[in-house]
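Visitor: My questions all concern the structure below.
The values are calculated or read from the model by the stated rules, or taken from the named source; none is laboratory data. Since this is a predicted model, take the numbers as computed values, not measurements. Don't worry about glycine lacking a Cβ; one is built from the backbone with ideal geometry, like all the others, and counts go over all protein chains shown.
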Ligand code: SAH
């Protein structure tokens with residue numbers, strides 16, 4: 001008998017991404033960062049999943065990326081791609097919780113995290129991870145964001161239940177400023193990064209997933225919850241997206 005988390009991992013490990021995003025979004029966020037290209041940098045990619053964005057980063061920076069996730073199955077998928085693309089010298093994986101990272105003080109030039117910081121909360125993440133960042137180093141995070149100041153009650157209530165820290169970009173930027181970062185860039189990702197890259201591949205997997213788990217009650221409930229999320233997104237997509245936040249840790 002599988003646990004709910006095992007079923008969720010099974011559903012999500014057979015798709016290329018575990019959250020909304022795209023290669024273009026990753027490159028756009030990276031474009032806000034000015035590094036001296038002649039010096040190799042140290043990067044942590046936290047909550048990397050199967051590493052779609054880790055591979056894009058590795059192909060576009062000089063240096064080394066430590067890709068962290070709590071679940072070994074995602075890291076196995078990333079490792080297979082790393083070998084296939086010959087990126088072993090640029091990416092290593094680490095099975096750890098983002099709450100309890102074994103990194104040294106000011107170890108990294110760049111901390112990256114796409115669609116994952118919500119697991120500990122945006123504010124907690126920017127506070128905790130700052131310790132690992134060099135002064136002048138950058139953090140780049142994507143995080144669920146309201147696109148305007150007002151929205152229908154239905155979508156507000158739905159997200160307040162899932163993740164009450166959902167907020168507007170100005171409030172997220174304020175959290176960065178209040179915690180010793182200087183905002184360097186913000187944009188929100190397009191609908192195609194949600195539908196084409198995340199929800200559609202997920203929907204395509206539902207039938208196989210249900211069959212594999214003999215239409216168990218737990219598997220059915222998981223699919224129903226995903227369907228509700230997809231439906232809510234499609235209905236209210238003008239009001240929310242993933243915001244991408246890039247900020248520099250200010251020099252003391
Ligand atoms: N960055 C990837 C995955 C985003 S989904 C992408 O955009 O495709 C969120 C990821 O956070 C999942 O891979 C999940 O396994 C991971 N995760 C959840 N809780 C975690 C924790 N406490 N520590 C580290 N990773 C965690």
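Visitor: For residue 60, state whether it is touching a helix residue (DSSP H, G or I) at 6+ places or on another chain (Cβ under 9 Å) and either over 29 Å from residue 134 (Cβ atoms) or in a strand (DSSP E or B) (or both). Break it down into steps so the answer makes sense when it comes.
Guide: Working: touching a helix residue (DSSP H, G or I) at 6+ places or on another chain (Cβ under 9 Å): yes; either over 29 Å from residue 134 (Cβ atoms) or in a strand (DSSP E or B) (or both): no.
No, not satisfied.
Listed here are the residues, each with its yes/no results for (1) farther than 21 Å from residue 251 by Cβ; (2) at pLDDT 95 or above; (3) assigned to a helix (DSSP H, G or I).
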{"position": "75", "(1), (2), (3)": "yes, yes, yes"}
{"position": "89", "(1), (2), (3)": "yes, yes, no"}
{"position": "99", "(1), (2), (3)": "yes, yes, no"}
{"position": "113", "(1), (2), (3)": "yes, yes, no"}
{"position": "135", "(1), (2), (3)": "no, yes, no"}
{"position": "145", "(1), (2), (3)": "yes, yes, no"}
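Visitor: Only one of 5, 33 is near the ligand (Cβ under 10 Å from one of its atoms) and over 13 Å from the mean Cα position of the chain (by Cα). Can you tell me which? Steps first, please.
Guide: Values: 33 fails: near the ligand (Cβ under 10 Å from one of its atoms).
The conditions single out 5.
Visitor: Would a scan of region 54-73 turn up a residue that is surrounded by 13 or more Cβ atoms within 10 Å (Cβ to Cβ), near the ligand (Cβ under 10 Å from one of its atoms), more than 16 Å from the chain's Cα centre (by Cα) and over 24 Å from residue 184 (Cβ atoms)?
Guide: There is at least one residue in region 54-73 that is surrounded by 13 or more Cβ atoms within 10 Å (Cβ to Cβ), near the ligand (Cβ under 10 Å from one of its atoms), more than 16 Å from the chain's Cα centre (by Cα) and over 24 Å from residue 184 (Cβ atoms).
Visitor: Which residue out of 143, 124, 107 is at negative phi, more than 10 Å from the ligand (Cβ to nearest atom) and without any contact (Cβ under 8 Å) to a residue 12 or more places away in the chain?
Guide: Numbers: 143 fails: without any contact (Cβ under 8 Å) to a residue 12 or more places away in the chain; 107 fails: without any contact (Cβ under 8 Å) to a residue 12 or more places away in the chain.
Only one candidate qualifies: 124.
Visitor: Further question on the same structure: Within region 146-160, count every residue that is more than 20 Å from the chain's Cα centre (by Cα) and free of Cβ contacts under 8 Å to residues at least 24 places away in the same chain.
Guide: 5
Visitor: Determine whether region 10-28 contains at least one residue that is more than 11 Å from the ligand (Cβ to nearest atom) and surrounded by 24 or more Cβ atoms within 10 Å (Cβ to Cβ). Break it down into steps so the answer makes sense when it comes.
Guide: Going residue by residue through region 10-28, those that are more than 11 Å from the ligand (Cβ to nearest atom) are 10-11, 14, 23-24, 27-28.
Checking which are surrounded by 24 or more Cβ atoms within 10 Å (Cβ to Cβ) leaves us with none.
Checked against the condition, which is being more than 11 Å from the ligand (Cβ to nearest atom) and surrounded by 24 or more Cβ atoms within 10 Å (Cβ to Cβ), region 10-28 yields no hits at all.
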